[in-house]
Every structure is written in structure tokens, then in C-alpha cells.
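Undergrad: Quick one: this structure, given as C-alpha cells, is what I'll be asking you about.
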Amino acid sequence: MSLLRPLLLDVVPTIQQTAALALGRLANYNGDLAEAVVKGDILPQLVYSLAEQNRFYKKAAAFVLRAVGKHSPQLAQAIVDCGALDTLVICLEDFDPGVKEAAAWALGYIARHNAELSQAVVDAGAVPLLVLCIQEPEIALKRIAASALSDISKHSPELAQTVVDVGAIAHLAQMILNPDSKLKRQVLSALSQIAKHSVDLAEMVVEAEIFPVVLTCLKDKDDYVKKNASTLIREIAKHTPELSQLIVNTGGVAAVTDCIGSCKGNIRLPGIMMLGYVAAHSENLAMAVIVSKAVPQLSVCLSEEPEDHIKAAAAWALGQIGRHTPEHARAVAVTNTLPVLLSLYMSTESSEDLQTKSKKAIKSILQKCTYLPALEPFLYDAPPNILKHVVGQFSKVLPHDSKARRLFVTSGGLKKVQEIKAGPGSLLQEYINSINSCYPEEIVRYYSPGYSDALLQRVDSYQPLAN
């Protein structure tokens, strides 16, 4: 470091540039080397030269600032403290697109750490110039500027509002159909980071007419375009039933369902969550999710995905779909999802989050489920805290359905219920009594444990009449 520093002041411009480039590469490598650049008092020299030197040096100096700032909030703060932001913002107006790009990149890396650093970038006047940069013809500059706007917007509604106030949404929305995949990723990310904060911001994004255009991105060949498009739709859907309804009306739920089917792993996650958010708002919206054939797709995710956090999201979404009415619960139950949820809840290998979400999903679906074939296996496998809900559902359905009552006897369900040990006066005991009252007393006795022994005893003690 100490050898490179004097070279930044060398009379030969190419040596200056090469020295800056070397420092940037060192700082880029890890946080310790970046800290050494800060401690070596090199930043003030770079900032001074950034304003004075030619375009090649400016690019190299901005690269060093970016390489230092990316590692931690403390290192990014060191760049702010030495007055680099004003100089970087001036570079955003440079004639050379490469200099603009390098400056935008450094500003984005500083802003991404936290709201305070992001606010410092905003206060330096970067946002209007970044919005101008996304309108430039160079694709690379558009990408970096969109990425920087995304990094500024993500921290708070106020910061997102500063990006919105200079008209960023309209320019970003126009680029959703740009053929460049990397640009689309950044544009969708920036719109997501704006929309996520509040209903008002989400509505402003929607008013830029991103639907149904954004749905084409769900079929993109680039996985991260798919993921970011799903994320954007999720961030809009989560706010209100009205916004979710708008997405349903444009075919968004069906498109997201198809997208989940066409990819794997983390790329699926935002789509899975989006379906859960839509279904959570109301029973009509949950029915729209069912009609879009999302339930079988979510069941596949629940069974196929190796990652627990993705399974947990699928379990949560299925719970949101099934919790509304018996019709909703049946739509989930017929896909044979409940046994999978139960095994995930019971498995010691499942993460705590997955166990909790599976348990909640099972309970919310069971409490509405009147589809008895799906409930019956639970009589044999479920732990007591789940069994209570299963027996409860039987006690609601059997009094009103003679066909089901007969089937419950022939399938062995009634016998199983008699074997359940419930505490006297407990809710479970009440449910069992309610089921038993649907049958003649001798039938209940016949299926009670120990009844065959009692009959054998009577055989033993029976004295036939002598002729």
C-alpha cells in the first residue's frame, strides 16, 4: 500500500491509473485490504484526483471507492466522511458513459448498506442524475443506474419516495420489455423495492401500467428475471385485496403458477409467497388461486423441494388457501397434501419454522375440512394436539350424513375413536361423545376395546341347558 500511494501522484498518467487500478483490485479482494486502503490515507487523494484528472483515472478512482465501500457500512461511511459523494455525483454528469457508470456503481454500493448511507447519497443529489442515467442509450449504464436506484429505495418508504418524486417509475416501467436480461433484472428489482413499502407506492407502480406487460417476464429464459418479476408481483399483491384482485384480473395468478412449475429452488420462492398473500385476503381471491390450479403446484413444491424454507413457504400458502371454507379445505385435501404436512410437522429433521408453519396449516385446513376420506388417516397417525381437531370435524359432519356414518363404521374409524384415550371433561371427550351419539349403543359397545373379551367371558361362563 505504502508503495502504491506515491504512484497515485506520479507525473505519468498511465502509472497513476495503473496504481489506482491495483489499489481497487486489492480493496475488492477482502475487507481487511479495503481497511488498509482507508488507514493508508489514500481516499482523500483519490477524491481530490477524481475531480481533476482524465476519464481513465476517474474510472479507476471510482472503482477503488466502490471496492472499498462494498464490504461494510463502516468502510462505506469512511468514503462518505472524506467527501467522496459530491465528487461522485459530479461524475454522474461526466461526458464519458464509462465514468458515469463507475460513479453510479460506487454510489449504489454505498447506499445498499443502510438507510443513513442511502440518505447521504440522496442528500448529495444523486437521484435525479441516476434517473437521467437510466435514459442514456448505453445498456451497461442503464443497468448500474437502475441497480443504484434499487439500492437506495429498499431501506424505507421515505427513500423510495425520493426516487418516485423525480419520475423514476415511468422510466423504469418502460424498460420491462427491454431484450437485455440483466437490465430487466435490475429494473424489476428497483420497482419491487419501491412497491414493497406502502399501498400508495405500490399503486403508483401499478399506475405505470406494468400489468399485463410484467407477466411476460415470468416466461423469460433468465431465471433471475423470473424471480424478480415474481417478487414485484408479490410486493404489490401483499398490500390490499384490491391490488390482488387487479393481479387476478390480468391473469397474474395463473402466470405465477405456471412460472413456479417451470423453475426450481429459490427462484420459486417469491411466487409461492405471492399465491399465499393473494389467498390470505379473502375467500374469493383464495378461490381464484384454486381455479388457477395453484394447489397441485404448491403440493409439488412441498414434496419436491429439498430446502426447508421453501417447504415452509409452500405450507404457509396452502394454509392460507384452505382456511376459508369447507370448499377451500377440500381443494387442498384432495391433493393428498395433509399427510405430507403432517410428516413434515412430525419429522425431527424439519426446521423449527417448517414445523410451526406445517402445524398451523394443518390446523387451519382441518378446522374447515368436511371431506372425510382426507381426515380418516389422521385418526391413526396424528399426535394428540392435531387429533383433537380431526375428531372435532367428524363430530360436526357425522350427525348430518347417514352415508358417512355407515362408511365411518366399515372403514374402522368408529373402532379407532373408541380406542382414543381422552381426559374426562376434555374437549376431545366431548367430540367422541358427540360421535358416539350418532350410533346405536350396542354398535358403540361392539367396537369398544375389551368388548370381544367380555363376550368370550360370557361364552366361558355360559351353561348350556341340559336336555
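The values are calculated or read from the model by the stated rules, or taken from the named source; none is laboratory data. Small disclaimer: the values here were computed from a predicted structure and weren't measured. Positions of Cβ are backbone-derived with ideal geometry, glycine not excepted, and every protein chain shown enters the neighbour counts. The accessibility values were calculated without ligands, DNA or RNA, using every heavy atom of the protein model including side chains. Shrake-Rupley method; radii C 1.70, N 1.55, O 1.52, S 1.80 Å.
Undergrad: With respect to Tyr345, determine if the residue is more than 17 Å from the chain's Cα centre (by Cα), of a type in the set (Phe, Trp, Tyr) and in the same structural domain as Ile435 (by the TED database).
TA: Numbers: more than 17 Å from the chain's Cα centre (by Cα): yes; of a type in the set (Phe, Trp, Tyr): yes; in the same structural domain as Ile435 (by the TED database): no.
In short, no.
Undergrad: Can you give me the number of residues within region 48-91 that are open to solvent by less than 30 Å² (accessible area, probe 1.4 Å), of a type outside the set (Gly, Ala, Ser) and over 21 Å from Ser147 (Cα atoms)?
TA: 2
Undergrad: With the structure loaded, tell me whether Ala60 is under 16 Å from Gln17 (Cα atoms), of a type in the set (A, V, I, L, M, F, W, C) and out of contact with any Cys (no Cβ under 6 Å at 6 or more places or on another chain) or whether it fails that test.
TA: Against the criterion (under 16 Å from Gln17 (Cα atoms), of a type in the set (A, V, I, L, M, F, W, C) and out of contact with any Cys (no Cβ under 6 Å at 6 or more places or on another chain)), Ala60 qualifies.
Undergrad: For Ile432, state whether it is open to solvent by less than 80 Å² (accessible area, probe 1.4 Å), at pLDDT 85 or above and of a type in the set (A, V, I, L, M, F, W, C).
TA: yes
Undergrad: Let me ask something additional. Out of region 168-181, which residues are closer than 16 Å to Ser147 by Cα and outside any helix (DSSP H, G or I)?
TA: Across region 168-181, the qualifying residues are Met175, Ile176, Asn178, Asp180.
Undergrad: Further, regarding this structure: Do the conditions hold for Tyr431, that is, is it out of contact with any strand residue (DSSP E or B) (no Cβ under 6 Å at 6 or more places or on another chain), on the phi < 0 side of the Ramachandran plot and free of Cβ contacts under 8 Å to residues at least 12 places away in the same chain?
TA: Details: out of contact with any strand residue (DSSP E or B) (no Cβ under 6 Å at 6 or more places or on another chain): yes; on the phi < 0 side of the Ramachandran plot: yes; free of Cβ contacts under 8 Å to residues at least 12 places away in the same chain: no.
The answer is no for Tyr431.
Listed here are the residues, each with its yes/no results for (1) closer than 16 Å to Ile365 by Cα; (2) modelled with pLDDT of 95 or more; (3) open to solvent by 10 Å² or more (accessible area, probe 1.4 Å).
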residue: Cys263; (1), (2), (3): no, no, no
residue: Met274; (1), (2), (3): no, yes, no
residue: Ser292; (1), (2), (3): no, no, yes
residue: Ser299; (1), (2), (3): yes, no, yes
residue: Leu302; (1), (2), (3): yes, no, no
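Undergrad: Give region 314-331 a look and list any residue that's open to solvent by 10 Å² or more (accessible area, probe 1.4 Å), of a type outside the set (D, E, K, R) and part of a helix (DSSP H, G or I), or say none.
TA: Across region 314-331, the qualifying residues are Trp316, Gln320, Pro326, Ala331.
Undergrad: Looking at region 332-377, which of the residues that are of a type outside the set (Ser, Thr, Tyr) and in a loop (DSSP other than H, G, I, E, B) is most open to solvent (accessible area, probe 1.4 Å)?
TA: Glu349
Undergrad: Would you pick out the residues in region 219-246 that are in contact with a helix residue (DSSP H, G or I) (Cβ under 6 Å, 6 or more places away or on another chain), more than 22 Å from Asn178 (Cα to Cα) and assigned to a helix (DSSP H, G or I)?
TA: Within region 219-246, Ala237, Pro241, Leu243, Ser244 qualify.
Undergrad: What about Glu352, is it without any contact (Cβ under 8 Å) to a residue 24 or more places away in the chain and assigned by the TED database to the domain that holds Leu341?
TA: Yes, satisfied.
Undergrad: Look at Glu441 and say whether it is open to solvent by 90 Å² or more (accessible area, probe 1.4 Å) and outside the structural domain of Ser299 (by the TED database). Don't jump to the end; show me each part of the working.
TA: Working: open to solvent by 90 Å² or more (accessible area, probe 1.4 Å): yes; outside the structural domain of Ser299 (by the TED database): yes.
Considered against the rule, which asks whether it is open to solvent by 90 Å² or more (accessible area, probe 1.4 Å) and outside the structural domain of Ser299 (by the TED database), Glu441 comes out as yes.
Undergrad: Any residue at all in region 386-401 that is loosely packed, with under 10 Cβ neighbours inside 10 Å and outside the structural domain of Ala361 (by the TED database)?
TA: no
Undergrad: Could I ask something else about it? Which one of these does Asp81 not meet: (1) more than 24 Å from Glu136 (Cα to Cα); (2) in contact with a helix residue (DSSP H, G or I) (Cβ under 7 Å, 6 or more places away or on another chain); (3) at pLDDT 85 or above?
TA: (2)
Undergrad: Out of region 194-218, which residues are touching a Ser or Thr at 6+ places or on another chain (Cβ under 8 Å), in a helix (DSSP H, G or I) and open to solvent by 40 Å² or more (accessible area, probe 1.4 Å)?
TA: Passing the criteria: only Val199.
Undergrad: Just need a number here: residues in region 403-429 that are exposed (fewer than 13 other Cβ atoms within 10 Å of the Cβ) and closer than 18 Å to Tyr447 by Cβ.
TA: So the answer is 4.
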